[in-house]
Amino acid sequence: MQLGDVCFVYYGVQDHVGYNALFQAVQGLISDSKTAEETLGFLLSLALHNFSVSGIFGGLLGTDQTTVDSRLSDIGPLLGRITLPGAIRVLWDILPQLPGNDPAVRYAIYKLFEQLVYLNHRNQVVFSSLGLVKPLLNLFNKHRNDPSADDKEKHVLQKLLRRILDIGATTAESRLIFQQVVKDDDTLDTDVLEIIRTGMKARWPEHFSMESTAMLVLKEEGIRGMPMTGFTYMVWK
């Protein structure tokens, strides 16, 4: 089966099959240097429902961050709203399968996530719902505790964390972050402290983010009017 067929099939039956099956289906393609770049491009295209970006990873294997930055500056205008969030999670989970854990392509995906999460509020909400806070924090800690780790990757990971936490965090995520702010010598970790400060300034209350034909229906017997506490409905385009 060709990758294009896989993408088409999963786009049509995602609710019945699930993204775990998609992850399993593309693992072999991602681990093969001959098909990895094209497969990643199709996954991103699937997530955005825009196949004009399918060639974004072409030729990046084995290159450097300068090449990646140049490529992503050109592709920026083609990025848009995330249509299928599950495909973004597959892109994240598939990273360890990259041939040789290629640093250039890994950095490219981090940078793409950064561009997407800062592009609009909808994408920010999507990223906050994917359960990425814990893996991002673990990866960020690994980078900053490794003298040989790349500073640009660390910076991108920190920006992703801060942007996602701008929406808010679960109790479990907050507990994990606070646990890591105190170092073994009982001093405060300034990097983690900065992340906490960002999270404390979160501007968004709990809310629904709906697109297209989505609707919210509230049913309760005996209600004849609006709640005494009021109801806020906001819409923008």
Legend entry - Residue that is modelled with the lowest pLDDT, among those in region 74-102 that are surrounded by 15 or more Cβ atoms within 10 Å (Cβ to Cβ) and out of contact with any helix residue (DSSP H, G or I) (no Cβ under 7 Å at 6 or more places or on another chain): D102
Inset, instruction - Please state which one of G55, G59 is closer than 23 Å to E153 by Cα, over 21 Å from the mean Cα position of the chain (by Cα) and modelled with pLDDT of 90 or more. - result: G59
Inset, instruction - Return yes when Q158 is at pLDDT 85 or above and either surrounded by fewer than 10 Cβ atoms within 10 Å (Cβ to Cβ) or not in a helix (DSSP H, G or I) (or both) and no when it is not. - result: no
Inset, instruction - Determine which single condition A172 fails, assuming it passes every other condition in (1) open to solvent by 50 Å² or more (accessible area, probe 1.4 Å); (2) over 18 Å from the mean Cα position of the chain (by Cα); (3) closer than 21 Å to D64 by Cα. - result: (3)
Legend entry - Test: V126 is part of a helix (DSSP H, G or I) and within 20 Å of Q27 (Cβ to Cβ): no
Legend entry - First in region 60-72 and on the phi > 0 side of the Ramachandran plot, second anywhere and part of a loop (DSSP other than H, G, I, E, B) and of a type in the set (S, T, N, Q), Cβ under 9 Å, 6 or more apart: G62/S33
Inset, instruction - Within region 29-66, count every residue that is assigned to a helix (DSSP H, G or I) and surrounded by 15 or more Cβ atoms within 10 Å (Cβ to Cβ). - result: 18
Inset, instruction - Just one of (1) open to solvent by less than 100 Å² (accessible area, probe 1.4 Å); (2) within 24 Å of L79 (Cβ to Cβ); (3) at pLDDT 80 or above trips up V181, so point out which. - result: (2)
Legend entry - Residues located in region 129-140, provided they are in a helix (DSSP H, G or I) and either open to solvent by 20 Å² or more (accessible area, probe 1.4 Å) or within 26 Å of G76 (Cβ to Cβ) (or both): V133, K134, P135, L136, N138, L139, F140
Inset, instruction - Go through region 73-96 and count every residue that is touching a residue at least 60 places away in the same chain (Cβ under 8 Å), hydrophobic (A, V, I, L, M, F, W, C) and in a helix (DSSP H, G or I). - result: 2
Legend entry - Breaking point among (1) open to solvent by 60 Å² or more (accessible area, probe 1.4 Å); (2) modelled with pLDDT under 90, for R122: (1)
Inset, instruction - Please enumerate the residues belonging to region 144-193 that are farther than 19 Å from A104 by Cα, in contact (Cβ under 8 Å) with a residue 24 or more places away in the chain and charged (D, E, K, R). - result: R162, R163, D166, E173, D191
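The values are calculated or read from the model by the stated rules, or taken from the named source; none is laboratory data. Bear in mind the structure is a predicted one, so any value in this text is a computation, not a measurement. Neighbour counts are summed over all protein chains in view; Cβ atoms, including those assigned to glycine, are modelled from backbone coordinates with ideal geometry. Heavy atoms of the whole protein, side chains included, go into the accessibility calculation; ligands, DNA and RNA do not. Shrake-Rupley method; radii C 1.70, N 1.55, O 1.52, S 1.80 Å.
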